[in-house]
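The values are calculated or read from the model by the stated rules, or taken from the named source; none is laboratory data. Keep in mind that what you see is a predicted model, and the values were worked out from it rather than measured. Positions of Cβ are backbone-derived with ideal geometry, glycine not excepted, and every protein chain shown enters the neighbour counts. Please note that ligands, DNA and RNA were not included when accessible areas were found on the heavy atoms of the full protein model with its side chains. Shrake-Rupley method; radii C 1.70, N 1.55, O 1.52, S 1.80 Å.
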Amino acid sequence: MNYYLSLLICVFSILILKGNAQEVNIHIKSEILGDPEVSIIPPVDGQYFYLAKIDTSINKAGVLDFKKTVKFPGFYSISHAGNGKTLYLKPGDEVWLTFTMKPDATVELLLNGSNEVGQNLYNTYKRSFFQSVAEGYLKKYKSIASAQEAVDRKRDKELYQMDSLFKIKAIDRVFKDGISAEINTYYLSVNSYVLQDSIYKLKLIEDSVILAEQTVKYFLDNWKNLVKDYDFNNPLNKSRNSFFDLLQTRASIEKYYFDINTYKQQPIPKITGSYEELEYNLALLVPDPVNEEYAMAQGIESGAIQENYDAFLIGKYETLAAKYPNSAILPYLKPEIDKIKHYQSAIKKNFSDKIKFVDNYDKISNFSEVESFFKDQLVYVDLWATWCGPCKREFAYNDGLKAFADKNGITKLYISVDIDESDTKWKEMIKYYNLEGYHMRASKALSDQLREKFSQDFGGRRGFGIPYYLIIKNGEIVQMNAKRPSNKEGLYEQLQSFKTKN
């Protein structure tokens, strides 16, 4: 079928659905005992938005019925008991998910309902991080052209499979169009990064390399060929976050590295501000009225979920709210912006008397020196960093830990593995999270030792992962890999056991 005719049918199907709000029904039945939590990320007006995530749970009968009245088709990510599926549903669709425990103690998930053959097939497609996938193709196929051809073959196989299901009426038109748009967008983001990673390898940014004119022409012609049949205005492309990745790549190639109109290399501007700010600005570097609201919202979300509480996001949110006051995204962003405002207020305060810094922590190069500093105490040690989201999420349980530690005479020590450039952010976050106890930021020598000393096995590979917790008593480690604050009573019992031991 002609590309433009296919696109016309696709957009026509969206227009039919618009204004015809109906319920999407997801019925979940679980036989997994002791794990009631269910996470659902529904679309917002057909678009992927992580902050729309709903954390809910099955009832005592092992049942959860999720209903949402919608006007647009979109993806729903469902996860429970270590398993899950990503479903593409239109208004009026209904599906049943059944979680069971197999004899080998793994969780099996069965799906029935709307477009079930296509849903199950789609969930066999791997959607690993596009940059890692692109790097893998380049490593295997050695050249840009060969890597991109291999990516295209993978894309065409998936498109063919969906088209075949449609021809035998195993899936409907809306499902086929939505999945096909996602396939095209994901693999274009991969192929675009094949190109972008090759530009990185020329050390264009860090060494200010001046490329030959034919090299610039090759990159730009390659990019034009990649996107020649891709419609950036198709609303179905926004159904997963690959489209946001693609907008950033487009800006990098068309305006940041090069000028697409003059075929000239651009002088790379000096990067100021945070990485999150750079990411936001990249997404909006190419003027795009159709996708501006989407790009602004995704850019703000991308910065907010890093939990670095950058002040620049407040202004960007206010601009979005003023320009698009009816945006369906605003209610999901506002709580995150409120957190940033609270953070910016909290960091202006002085450290409380219960926040202390280890003397000359920047000179400590061996963990034995840390142990000797607390030789007569029972110490709960928290290894963390300002960039570590899971580390910061554990701080939500600090009130209970504080009460237990104060009652039982237990010292808390927070060791940050942040680099020197993050010193200000480190101290800000100590204030914001009110991390009462002792603090130190590990020197490079100590950080290197920590990575070696507390490395763990990750699927057959050794590595150092944070957050990481341990317990010291009388200057010696008595518990490697201690329980997390979120374990609550489990952690308190663990600490108490060392309190009572001689």
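Using only Cα atoms, find the angle between the long axis of helix 3-17 and the longest principal axis of the chain, and express it within 0 to 90 degrees, rounded to the nearest 10. For helix 3-17, the angle is close to 70 degrees. Placing a label point 7 Å from the Cα of residue 232 along the Cα-to-Cβ direction, the residues of the range 273-290 whose backbone N falls under 13 Å from that point are 282-290.
Specify the inter-centroid distance of the range 268-294 and the range 360-392, based on alpha-carbon positions, in whole Å. The range 268-294 and the range 360-392 have Cα centres separated by 37 Å. By DSSP, the beta bridges lying fully in the chain are antiparallel in about 70 percent of cases.
Taking only the Cα atoms of the range 28-124, the ratio Rg/Rh comes out at 0.95, with Rh defined as the Kirkwood radius.
Remark: C-alpha extents of the range 136-190 on the principal axes read 40, 17, 14 Å, sorted largest to smallest. Only helices enter the 222 nm calculation for the chain: every DSSP H run of n ≥ 4 contributes -39,500 (n - 2.57), and dividing by all residues gives -14000 deg cm²/dmol, rounded to 500. Relative to the longest principal Cα axis of the chain, at what angle does helix 330-346 sit, 0 to 90 degrees, rounded to 10? Helix 330-346 and the main axis of the chain meet at about 30 degrees. When only Cα pairs below 8 angstrom with a gap of at least 6 residues are kept, the range 104-236 shows a relative contact order of 28 percent. Taking GluC sites (Glu not before Pro) across the range 203-261, the ones in a DSSP loop with at most 16 further Cβ atoms lying within 10 angstrom of their Cβ are 206. Run through every distinct alpha carbon pair of the range 278-433 and return the Kirkwood hydrodynamic radius in angstroms, one decimal place. 18.2 Å is the Kirkwood radius here.
Kirkwood radius for the range 310-377, taken over all pairs of different Cα atoms as the inverse mean of 1/r, rounds to 16.0 Å. Note on the chain: Rg/Rh from C-alpha atoms, Kirkwood Rh, equals 0.99. Annotation note: trypsin sites (Lys or Arg not before Pro) in the range 132-184 located in DSSP loop regions with a Cβ neighbour count of at most 12 within 10 Å are 142, 169.
When you filter the trypsin sites (Lys or Arg not before Pro) in the range 189-264 for DSSP loop state and at most 12 other Cβ atoms inside 10 Å of their Cβ, you are left with 203, 228. Compactness ratio for the range 185-329: Cα radius of gyration over 2.2 N^0.38 Å (N = residue count) comes to 1.08.
For the residues 387, 426, a 1.4 Å probe over the protein chains yields an accessible-area ranking, largest first, of 387, 426. DSSP beta bridges fully contained in the range 348-475 are about 40 percent antiparallel. Normalised by the number of residues in the chain, the average gap of Cα pairs under 8 Å and 6 or more apart makes the relative contact order 10 percent.
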